[in-house]
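Heads up: the structure comes next, in structure tokens.
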Amino acid sequence: MKIRNDQLQQHLAQNTLAPIYIVSGDEPLIQQECCDLIRQKARDKGFNERILLQVDGSFDWETLQEHTNSLSLFSDKKVIEVRCQNNKFNEKASKILKACGESPILDNVLLLITPKLESATQQSKWFKALEKSGIFIPIWPIDAQHLPRWVKQRMQQAGLTATTQAIQLLTERVEGNLLAASQEIAKLTLYAENQHVTEETINACVADSARYSVFDLIENALAGSINHCLRIFNGLKAEGIEPAVMLWAITREVRTLLQLIQLQREGHSLEQAMQNQRIWEKRKPLIRQALKRNSEQSLEQILMSAGQVDEAIKGLSEDNIWSSLQFLLLKLVGVSVIQGFPQ
């Protein structure tokens, strides 16, 4: 069954828990919040063991099969969380996922977390099997037209009121980054007088962190402006930006570029492809520049390296996080970098 992300809480409130959930999309904040709701419901239902599987190029899908079929060591029920770095599934993955969908185990909850799944993937046998037995939650980015309403709702949830001008100003500052918007709103709850936000409040509280913007960083990377890119990178690092936010911004852009290449291969013009991906008009020239410098192979390599950075951020490796992030940016800019992360 397919539901919207804003229907998930109501679904879970009905005291139901499906054996399978597919949470798919490229908006990390909403994806994270959906997964948190599912995990909490599972804990409430006695699913006390959680198995986390990170799917990269070397992942063996038989591992999922083994965990699905094995008895829990610590409890009668377990959540098997499968995080996929990309939306491509080989023959073995398709076979095992199809089996999971056809014969779900009631003492397991399979939580499959993926980037945006294309229509062709949603028509595959394995996907249909999973969706028939479980819940599919596609997550769509919030476009520029609807972002102010989302910001207003999040402020209200945080106990804040705000002027229309303040909402518009904050919307312009975050420009589509819901994670950054959420962080700024949390900060505003500490500084807003009487919990009311005005333009002056935004300028006072958000101005310092907006001096260097992760979006400025990405736009300079797309434009190939290495000096500006490195200057902003060092500024963001000095200001204490979370590495996960920067990694999100880089990987989101790379996935968009790869999707544009795929759409062109299917016969769409670049302009049609950019409309399909809801590219802002002012960003189209930057996207064109980036596509001229980066091949599909080089973009795939960036995504693969991004998976290693994600492991470092999670403490699963000892790679230097900031050097690794800088490496990704240089590759996106188009600089020839020796294989391996700079030290």
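The values are calculated or read from the model by the stated rules, or taken from the named source; none is laboratory data. Predicted, not measured: the structure shown is a model, and the values here were computed from it. Heads up, the Cβs are rebuilt from the backbone with ideal geometry, glycines too, and the neighbour counts pull from every protein chain shown. Areas reflect the complete protein model, heavy atoms only, side chains present, ligands, DNA and RNA absent. Shrake-Rupley method; radii C 1.70, N 1.55, O 1.52, S 1.80 Å.
Net charge dipole, the range 56-138: roughly 280 debye, given to the nearest 20, about the Cα centre with Cβ charges of +1 for Lys and Arg and -1 for Asp and Glu.
For Lys45 and Lys128, what is the calculated FRET efficiency with R₀ set at 30 Å and r taken between the beta-carbons, to the nearest 0.05? In this case the efficiency is close to 0.70.
Selection among Trp322, His268, Val333 by position relative to the dipole of the range 225-343 gives His268 as farthest towards the positive end (Cβ unit charges, Cα centre).
Only protein heavy atoms count here; on that basis, with a 1.4 Å probe, Leu52 has an accessible area of about 80 Å².
Just the number, please: carbon plus sulfur as a percent of the accessible area of the range 143-202, 1.4 Å probe, no ligands or DNA/RNA counted. It is 46 percent, rounded to a whole number. Computed over the chain, the range of Cα coordinates on each principal axis works out to 55, 52, 42 Å, biggest value leading. Exposure check, 1.4 Å probe, all protein chains in place: Arg43 carries approximately 120 Å² of accessible surface.
For Arg39, the accessible surface of its heavy atoms amounts to roughly 40 Å² (probe 1.4 Å, protein chains only, rounded to the nearest 10). For the Cα trace of the range 213-343, dividing Rg by the Kirkwood Rh returns an Rg/Rh value of 0.97.
In the context of the full set of protein chains, residues of the chain present 52 Å² of accessible surface per residue (probe radius 1.4 Å, heavy atoms only).
Just how many % of Cα pairs in the range 126-232 lie over 17 Å apart, if you round to the nearest whole percent? When every Cα pair of the range 126-232 is considered, 60 percent fall beyond 17 Å. For the chain, the membrane-span-like helix rule (DSSP H, alpha carbon extent of at least 27 Å along the helix axis, mean Kyte-Doolittle at least -0.5) picks out 243-265; this says nothing about an actual membrane. Over all other residues within a Cβ to Cβ distance under 12 Å of Gln183, the charged ones net out to +1, with Lys and Arg as +1 and Asp and Glu as -1. Largest GNM mean-square fluctuation across Gly176, Gly240, Gly46, computed for the chain with C-alpha springs under 10 Å, falls on Gly240.
In loop segments of the range 291-336 as defined by DSSP, the GluC sites (Glu not before Pro) with at most 10 further C-beta atoms inside 10 Å of their C-beta are Glu318.
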